[in-house]
Amino acid sequence: MSSTYQTQDGVAVIMLDNPPVNGLGHALRTHIMEGLAAAEADGGVKAVVLIGAGRGFSGGADIREFNTPKMGAEPSLRTVLDRIEGLAKPVVAAVHGIAMGGGLELALACHYRVAVKGAEIALPEVKIGILPGAGGTQRLPRVIGLEQALDMIVSGNARRSEALAPLGLFDEMIAGDLGAGAVAFAQRVAAARPLPRVRDRVIAAEGAAAFLAKARNDIARRYRGYPAPIKCLACVEAALTMPFDDGLAFERKGFQELVETTESKALRHAFFAERQAAKIPDVGPETLMRPIKSAAVVGCGTMGGGIAMTFANAGIPVTVLETQKEALDRGLALVRRNYEATAKRGRMSASDVETRMGHITPTLEFAGIAKADIVIEAVFEEMDVKKDVFRKLDATMKEGAILATNTSTLDVDEIASVTARPGDVIGTHFFSPANVMRLLEVVRGKETSKEVVATTMMLARTIGKIGVLSGVCDGFIGNRMLEPYVRQSLLMVLEGALPEEVDRALEDWGMAMGPFRMYDLAGNDVGYRIRQRRYLERPRLKPFYEISDRICEAGRYGQKTGKGWYRYEPGDRTAHADPEVARIVGEVRAARGLTPRAIPASEIVERCIFALVNEAAALIEEGIALRASDVDVVYLSGYGFPRYRGGPMFYADTVGLANVVARMSEFSRNPLADPEFWRPAPLLARLAGEGKRFNG
């Protein structure tokens, strides 16, 4: 962790060198200050250039220092920026690769900024629940204007340097070598006085009040549950209405308030959890990986087509196999329509559509996929069907090919058993729609080789997914946890809540979708078929799902049939409460002699969420999930769990595990409850008794 210092023709060049992204940790801040002092003391130095080593200028603050003494240790980033701004010699920021968060704030404090094309520029702090704390909300509006700055700060999204240059962020775009260009620029401006300081600029205020009022309403609606975006707006407004130093103080106060919030801690937990999920204890970086230069997908239905799109999107050629030409044509036509719809929304060009379609090759013969490096089976969710496919794959695929199954619940080991190469078999559970959803559960069988595990986890990143490793069990991590969650929601309908009341309580709490709307979207018939298999294995489950089975047996499969737990109008996905569902619910209650009761929203949330937590604790104890944070990643990226709550296990930590166990004990005394259901998993009971947390 260092910066290098050298002089070139009267220009001091301070290079930020802290791989991988030149994070502005305490040691690097110290080195920058030392370089500035050396430049100021050297009479031969007329200007200074700050430039990043490696792949970018700076990725900003080291968030590992948050909530530690190093975060505010001197020299703080604000001290460094004050030093730059007050230097008697011009300081030029030379930007390439990335300038994000504190990295952009560092550049904004410089007197001049130059850049090359393609650099990613952002203030992404809002994505971890905080706001720029070193003047970003005060300086950026002074440079690129109120509206553009507010959008960047509230969204946290990156923009390209060439798009921001016309707005005034960069004084010159460098073609060619950035270092040489920056030194030449510094020489040209070395004698110019007074030195331009961003703090001295005035923000154009015409129409600002109306713009900010509208933005405030939009942010409150769009970012419900997230405190940081509205505080970002308040800070940007302070840049307009307060003297610069007062605005800095206001921003700093907002930063300090946010960094202590549960929401920010949850978002930071999610950030680190996603990175931790890629680490498999017995599969180290030395593990050899197989090259994946081509792929194949068996099945071109909704799931198979979506999986093919993920490979095409990543530029990996993929062959799609169907045994019937009509099904193949229908599936590829749907893929094209999906791409064309994206193009109509302006998210890709017509040529992009053709390029991606060009990566997809259709075939009606197994021989057509024989040379693929990985093949993913995406056929009907029945064991005999999948076994038949894997026998054919075993006979067809080249040696060393990875044989993957997209099963969402079935035993990967049983599927692998029909092949002569179980070490090459792995589960890849994509989530629908596969081309959109970020989660990929990577299911490791008892004989899956370390090579195959490492390769598949790396492939997940290559195709833009978050891979989470799971062991083999019915439903793996996510769907196994979903079963008790849904069972509680159904039990509460039996007790007196209506489906829309359960959904509303969970959605108001932050879930992207309640369980009944979720099943209508996925198709109630899918769960119905899975339950028929489970009833044979666990007959005692059947009474819990009586209402759900009645809904399916009435042909109410969800959105695809226009009716499920709700009613849907043609061409409209709006869920409307349906008296027919209330009638079915009432009949089941009456047959059981039940008197409905009103169930508070808080009870609905606790019973559903704590059911998730308890099942997850069992999964971790059994070794199906490696760690609690992996469970959080699964639910944050695959099941619509509110990110600002950090995932079910992090949320349980915030409630207190002893409090979770106490509430579970209360729920077990419900007359309709199965006391065994609410028995705390051994891990949960142990941690609660010791006053510990799931996550550290």
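Please go through (1) more than 27 Å from Glu260 (Cβ to Cβ); (2) open to solvent by 20 Å² or more (accessible area, probe 1.4 Å); (3) not in a loop (DSSP other than H, G, I, E, B) for Pro19 and return the number of the only condition it doesn't satisfy.
So Pro19 meets the others, but not (3).
Kindly indicate whether Arg663 is at pLDDT 95 or above, assigned to a helix (DSSP H, G or I), among the charged types (D, E, K, R) and in contact with an Asp or Glu (Cβ under 7 Å, 6 or more places away or on another chain).
Working: at pLDDT 95 or above: yes; assigned to a helix (DSSP H, G or I): yes; among the charged types (D, E, K, R): yes; in contact with an Asp or Glu (Cβ under 7 Å, 6 or more places away or on another chain): yes.
Yes.
Looking at Val198, Val283 in this structure, which one is touching a Lys or Arg at 6+ places or on another chain (Cβ under 7 Å) and under 30 Å from Gly400 (Cβ atoms)?
Details: Val198 fails: under 30 Å from Gly400 (Cβ atoms).
Going through Val198, Val283 in turn, just one is touching a Lys or Arg at 6+ places or on another chain (Cβ under 7 Å) and under 30 Å from Gly400 (Cβ atoms): Val283.
So which residues in segment 419-455 are among the small types (Gly, Ala, Ser) and surrounded by 19 or more Cβ atoms within 10 Å (Cβ to Cβ), if there are any at all? Before you say what the answer is, go through the steps one by one.
Applying the first criterion (among the small types (Gly, Ala, Ser)) to segment 419-455 yields 420, 423, 427, 432, 434, 445, 449, 454.
Those that are among the small types (Gly, Ala, Ser) and surrounded by 19 or more Cβ atoms within 10 Å (Cβ to Cβ): Gly427, Ala434, Gly445, Ser449, Ala454.
Consider segment 194-211. How many of its residues are among the charged types (D, E, K, R), exposed (fewer than 12 other Cβ atoms within 10 Å of the Cβ) and part of a helix (DSSP H, G or I)? Before the answer, list the steps.
The first filter runs over segment 194-211 and keeps only residues among the charged types (D, E, K, R), leaving 197, 199-201, 206.
Okay, now just the ones that are also exposed (fewer than 12 other Cβ atoms within 10 Å of the Cβ), so 200, 206.
Right, trim to part of a helix (DSSP H, G or I) and you get 200.
Selection size over segment 194-211: 1.
Go through Met481, Met458 for me and flag whichever is buried (at least 21 other Cβ atoms within 10 Å of the Cβ) and modelled with pLDDT of 95 or more.
Numbers: Met458 fails: buried (at least 21 other Cβ atoms within 10 Å of the Cβ).
Matching residue, one of Met481, Met458: Met481.
Of a type in the set (Gly, Ala, Ser), open to solvent by less than 10 Å² (accessible area, probe 1.4 Å) and touching a Pro at 6+ places or on another chain (Cβ under 6 Å): which single residue out of Ala625, Ala652, Ala611, Ala617 fits that description?
It is Ala611.
Pairs please, first residue from segment 583-612 and without any contact (Cβ under 8 Å) to a residue 40 or more places away in the chain, second anywhere and in a helix (DSSP H, G or I) and open to solvent by 60 Å² or more (accessible area, probe 1.4 Å), Cβ atoms under 9 Å, 6+ apart in sequence or on different chains.
The qualifying pairs are Ile584/Arg550; Glu587/Arg550; Ala591/Glu546.
A quick yes/no check of all residues on (1) closer than 29 Å to Arg201 by Cβ; (2) out of contact with any helix residue (DSSP H, G or I) (no Cβ under 6 Å at 6 or more places or on another chain):
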residue	(1), (2)
Ala228	yes, no
Cys235	yes, no
Ala238	yes, no
Thr241	yes, yes
Asp246	yes, yes
Phe250	yes, no
Phe271	no, no
Gln276	no, no
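Considering only residues that are in contact with a strand residue (DSSP E or B) (Cβ under 7 Å, 6 or more places away or on another chain) and among the basic types (Lys, Arg), look in segment 551-606 and name the one that is most open to solvent (accessible area, probe 1.4 Å).
Arg567
Just the residues that are part of a helix (DSSP H, G or I) and either on the phi > 0 side of the Ramachandran plot or of a type outside the set (Gly, Ala, Ser) (or both), please, taken from segment 309-335.
Met309, Thr310, Phe311, Asn313, Lys325, Glu326, Leu328, Asp329, Arg330, Leu332, Leu334, Val335
Among the listed residues Ala308, Ala296, Ala266, identify the single one that is among the hydrophobic types (A, V, I, L, M, F, W, C), closer than 30 Å to Val655 by Cβ and buried (at least 20 other Cβ atoms within 10 Å of the Cβ).
Of Ala308, Ala296, Ala266, the one residue that is among the hydrophobic types (A, V, I, L, M, F, W, C), closer than 30 Å to Val655 by Cβ and buried (at least 20 other Cβ atoms within 10 Å of the Cβ) is Ala266.
Taking the condition of a type in the set (Gly, Ala, Ser) and at pLDDT below 95, does Ala416 pass?
Details: of a type in the set (Gly, Ala, Ser): yes; at pLDDT below 95: no.
Taking the combined requirement at face value, the residue does not satisfy it.
If a residue has to be closer than 13 Å to Thr7 by Cα and open to solvent by 40 Å² or more (accessible area, probe 1.4 Å) to count, how many in segment 172-183 make the cut?
1
Find all pairs meeting these conditions: Cβ atoms under 6 angstrom apart; at least six residues apart or on different chains; first residue within segment 20-34 and over 17 Å from Ala99 (Cβ atoms); second residue of a type in the set (S, T, N, Q) and open to solvent by 10 Å² or more (accessible area, probe 1.4 Å).
Pairs found: His31/Ser2; His31/Ser3.
Scan segment 26-58 for residues that are touching a strand residue (DSSP E or B) at 6+ places or on another chain (Cβ under 9 Å), part of a helix (DSSP H, G or I) and open to solvent by 50 Å² or more (accessible area, probe 1.4 Å) and jot them down.
Listed by number, the residues that qualify are His31, Glu34, Glu40.
Taking the condition open to solvent by 10 Å² or more (accessible area, probe 1.4 Å), more than 20 Å from Met15 (Cβ to Cβ) and among the basic types (Lys, Arg), does Lys89 pass?
On the way: open to solvent by 10 Å² or more (accessible area, probe 1.4 Å): yes; more than 20 Å from Met15 (Cβ to Cβ): no; among the basic types (Lys, Arg): yes.
Considered against the rule, which asks whether it is open to solvent by 10 Å² or more (accessible area, probe 1.4 Å), more than 20 Å from Met15 (Cβ to Cβ) and among the basic types (Lys, Arg), Lys89 comes out as no.
Could you list, in sequence order, the residues of segment 397-418 that are more than 23 Å from Arg529 (Cβ to Cβ) and surrounded by fewer than 20 Cβ atoms within 10 Å (Cβ to Cβ)? Full working, then the answer.
Step one: of segment 397-418, the residues more than 23 Å from Arg529 (Cβ to Cβ) are 397-403.
Lys398, Glu399, Gly400, listed by residue number.
Looking at the structure I just gave you, is Leu150 in a helix (DSSP H, G or I), free of Cβ contacts under 8 Å to residues at least 40 places away in the same chain and either buried (at least 23 other Cβ atoms within 10 Å of the Cβ) or of a type in the set (S, T, N, Q) (or both)?
Details: in a helix (DSSP H, G or I): yes; free of Cβ contacts under 8 Å to residues at least 40 places away in the same chain: no; either buried (at least 23 other Cβ atoms within 10 Å of the Cβ) or of a type in the set (S, T, N, Q) (or both): yes.
When the stated conditions are applied, Leu150 does not pass them.
Inside segment 100-144, can you point out the residues that are part of a strand (DSSP E or B), over 17 Å from Asp171 (Cα atoms) and open to solvent by less than 10 Å² (accessible area, probe 1.4 Å)? Write out each step before concluding.
Kept after step one, since they are part of a strand (DSSP E or B), are these residues of segment 100-144: 100, 112-115, 120-122.
Remaining after also requiring over 17 Å from Asp171 (Cα atoms): 100, 122.
Selection gives Ala122 alone.
Checking the structure you have, find out if any residue of segment 116-126 is over 22 Å from the mean Cα position of the chain (by Cα) and under 25 Å from Ile230 (Cβ atoms). Before the answer, list the steps.
Of segment 116-126, the ones over 22 Å from the mean Cα position of the chain (by Cα) are 116-119.
With under 25 Å from Ile230 (Cβ atoms) added as a condition, the list becomes none.
No, every residue in segment 116-126 fails to be over 22 Å from the mean Cα position of the chain (by Cα) and under 25 Å from Ile230 (Cβ atoms).
Right, Lys70: open to solvent by 30 Å² or more (accessible area, probe 1.4 Å) and in contact (Cβ under 8 Å) with a residue 60 or more places away in the chain or not? Working first, answer last.
Details: open to solvent by 30 Å² or more (accessible area, probe 1.4 Å): yes; in contact (Cβ under 8 Å) with a residue 60 or more places away in the chain: no.
Taking the combined requirement at face value, the residue does not satisfy it.
Among the listed residues Phe650, Phe677, which satisfies the condition of being assigned to a loop (DSSP other than H, G, I, E, B) and under 30 Å from Val442 (Cβ atoms)?
Sole residue among the options that is assigned to a loop (DSSP other than H, G, I, E, B) and under 30 Å from Val442 (Cβ atoms): Phe677.
Look through Arg669, Arg645 and report the one residue that is open to solvent by 50 Å² or more (accessible area, probe 1.4 Å) and modelled with pLDDT under 95.
Values: Arg645 fails: modelled with pLDDT under 95.
Going through Arg669, Arg645 in turn, the sole match is Arg669.
The values are calculated or read from the model by the stated rules, or taken from the named source; none is laboratory data. If you're wondering where the values come from, they're calculated on a predicted model, not measured in any experiment. So basically every Cβ, Gly included, is an ideal-geometry build from the backbone, and we count neighbours across all protein chains shown. SASA here: full protein model, heavy atoms, side chains in, ligands and nucleic acids out. Shrake-Rupley method; radii C 1.70, N 1.55, O 1.52, S 1.80 Å.
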